[in-house]
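Scroll down for the structure; my scribbles are underneath it.
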Amino acid sequence: MHKLNKVFLSLIIILFCGQIFAQDKINPVKFGARALQIEDKSVLALTFENQEKWHTYWKNPGDAGTEIKVAFRVNNQEADLKAYAWPKPKRYIEQGNLWAYGYSHNYALFFDLPLGLKGQELEIKGEWLVCKDICIPGGKVIKLDLDDNLTGSNNPTMSDESLRAEFNKLPIDSPAAFTFYLNKAEGENQLALNYVIENADFSQISDKESIVYPYLQFPFDYKHEELYLDRKNNLIYGRMLIDWDGIYEEPVMELPKDGVFKEPIRAKFLVNYPKDQKAKRVDVVFKQFSLTGDSSLTKIMKNLETPNQKAKVVNKEKKDSLLLILLFGFLGGLILNLMPCVLPVISLKLFGLIAHRDEGKTSILRHNLAYTAGVISSFLILGAVVVFLKSSGAKIGWGFQLQSPLFVFAMLIFIFVLALNMFGLFEFVTPGGRTLGNKELKKGFAGDFVNGIIAVILSTPCSAPFLGTALTYAFTTSSLNVFLVFSFIGLGLAFPFILTGFFPSLIKFLPKPGAWMEKLKNILGLTLLLTVVWLYDVMDGLIDMEFSGLYLNSILVLTFFAFFLRQKISRNKFMNLIAFALPIILLGQTIQMGGFQVSSSEARSRSAGVKWDRWSKQSMVNTPGPVFINFTAKWCITCKVNKKIVLDSDGFSDLIAQNKIKLLEGDWTKRDEEITEFLQSYGIVGVPAYFVKTKSGKIKNLGETISLSKIKEALK
């Protein structure tokens, strides 16, 4: 049932977001159509207008993305219109040095209109993926009435004059001014596409455009274009590495050892040189490749100049829409209610809801607002800590407080004491004389406020959909926006209880209070003990447990005995004072002896069957690809889930062995500024985070969720 609830909530969120992005005010793409006469041709122009800094994708989207797709219908029947060459794309270099090919601002795709469509209504369905710092799938169906002259209009975003000018710029089918050479590259199952431009005009190249854009062609997986300038001899050397995807087929298509393909491979390229002329579509047939050509050219290119092709630095504060970020923060906080870190505390709150279900609307509202106040105030305090640490120059990320052993142990003891309370070993007495350990809890509000605080503390190791984007913005923006984002995350986390506070009829489905609640308390106590076990495991990753473990275990045992003594053996004040003093004295001695000092031990492998080496910037640079990099922490629940499902699987072990992938692991359980700095350079403020370094040395960011297919795709 819990799993079904997750699926149901995910569907609601997807539908909710789909409704938002479908609105014209938020949809970054305007889509229209115009049928007109151009050079005695009847032409259909599909027009697009992207909002500032948003782009869609060309036929070959690059490292990620999906091309624009168009479908036509006439009289409820599919229609096939011949497409003209797509316009020359632009190149976008995104975070993580990901290259994308596509379009921005105003652009159009052109199609030939046959005479048979005179007087017909043409239904046009467009679908696209539009990206800035996030990507949004979009689409629209429009209808175009064609008159007897095959002309018509439906909200085109470009004038007829502009469309004719764009049509005249379309690429033409023509041979290139240079020859393509296919060579064996140094990497296993890797080729190199080489080309040399003689009598080069260096003013005709740009660091924002490519000379050659490859069309998709199996089994070639094209990488980034590399340019080398020989100004002395007026030569431009171009190279593009190609991964051979035949090895992933069933049966496997091996890269020929002798350099001769069993069947010729027909490839197509868009050549953008010289850039002040029309781009050319070039068809090339490769029957074989040279086994030594690339190594010879590499020696020549080694000492040549390269154009500036640095990745663009993304200014998050300027590029992200604050309203959209706040929405993501709210949704991320809402989903945190379903994450395993917070479930024990949410269970306690549900226990309280059962106790309050028969109270008046005002009383229920006050209880739930007390919980909300605990959540919001905790997030505001957390925001203040983030602002303070940022201003002091510290590099921090999501879950930073769980990198403090003393804080983790304080939480461990607190949750342990709450578990003892649920097992009936003691009762908290509130100022009103009510107790926290039985049904009288419903009369006090301190417990609700404390539950809100604990929910925030336990939620910070968790990562959830939408949360990553909001947190990245929060950790890289102004102080005011930090508090705004954290407040909306808190509102999302508390929203189910805000809703039931104003509409108490929503909790009428819960059973009435009764004796069964005493049994439920024991189950909730067990969930709290499991949280203690998790926090203990976090402690094990932070400090030297061989030195401190005995002391910490003794403190837990003595704490348990103190409460047990008072409840079951004796109420003698002197005996109870001694019993409670013992764990406190031992805690002080442990702190004095340095038992909570972060250990300097190396990161340990936590994935079965494979060997992991410790990550560092130096090790990442010095280790040749392919490399898989795992950033994790002991307090990260999502990391453990990904580890169990993917990293500990036989499929992962086989993938590593078959592709000879080296493994690096960055353990962020303890504070590590080198890891923090690296993650923030990719716009990431927490773990899990996964990266792949390909054979060509390119670093690919896989995000916070992984699968075997995702890793395989990134390795290409």
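Taking neighbour Cβ counts within 10 Å as the exposure measure, how do PHE563, PHE218, PHE488 sort from fewest upward? Let's see the in-between values first.
Values: PHE563 19, PHE218 10, PHE488 23.
Ascending number of Cβ neighbours within 10 Å: PHE218, PHE563, PHE488.
Taking the inverse of the mean reciprocal distance over all distinct Cα pairs, the Kirkwood hydrodynamic radius of region 180-301 comes to 15.3 Å.
Relative to the globular-protein estimate of 2.2 N^0.38 Å, the Cα radius of gyration of region 136-215 stands at 1.80. Legend: ranking of residues VAL692, VAL387, VAL285 from fewest to most surrounding C-beta atoms inside 10 Å; resulting order VAL285, VAL387, VAL692. Shape annotation for region 77-125: C-alpha extents along the principal axes are 49, 19, 18 Å, from largest to smallest. Treating each Cα of region 19-170 as one equal point scatterer and applying the Debye formula with no solvent, the log10 of I(q)/I(0) at q = 0.10, 0.14 Å⁻¹ comes out as -0.35, -0.68.
In region 614-671, which chymotrypsin sites (Phe, Trp or Tyr not before Pro) are in a loop and have at most 14 other Cβ atoms within 10 Å, using DSSP for the loop call?
Working: sites: TRP615, PHE628, PHE631, TRP635, PHE652, TRP668; in loops: TRP615, TRP635, TRP668.
Sites meeting the loop and neighbour criteria: none at all.
Fewest neighbouring Cβ atoms within 10 Å first, the residues VAL252, VAL385, VAL417 line up as VAL252, VAL385, VAL417. With all pairs of different C-alpha atoms in the average, the Kirkwood value for the hydrodynamic radius of region 613-715 is 13.7 Å. Under a 5 Å amide H cut-off, with hydrogens placed 1.01 Å from N, GLY703 pairs with TYR690 among residues at least 5 apart or on other chains.
Read the figures in this text as sums done on the coordinates, not as results from a lab. Fair warning: this is a prediction, and the values are worked out from it, not measured in the lab. In this analysis, Cβ positions are derived from the backbone assuming ideal geometry, glycine residues included, and neighbour counts consider all displayed protein chains.
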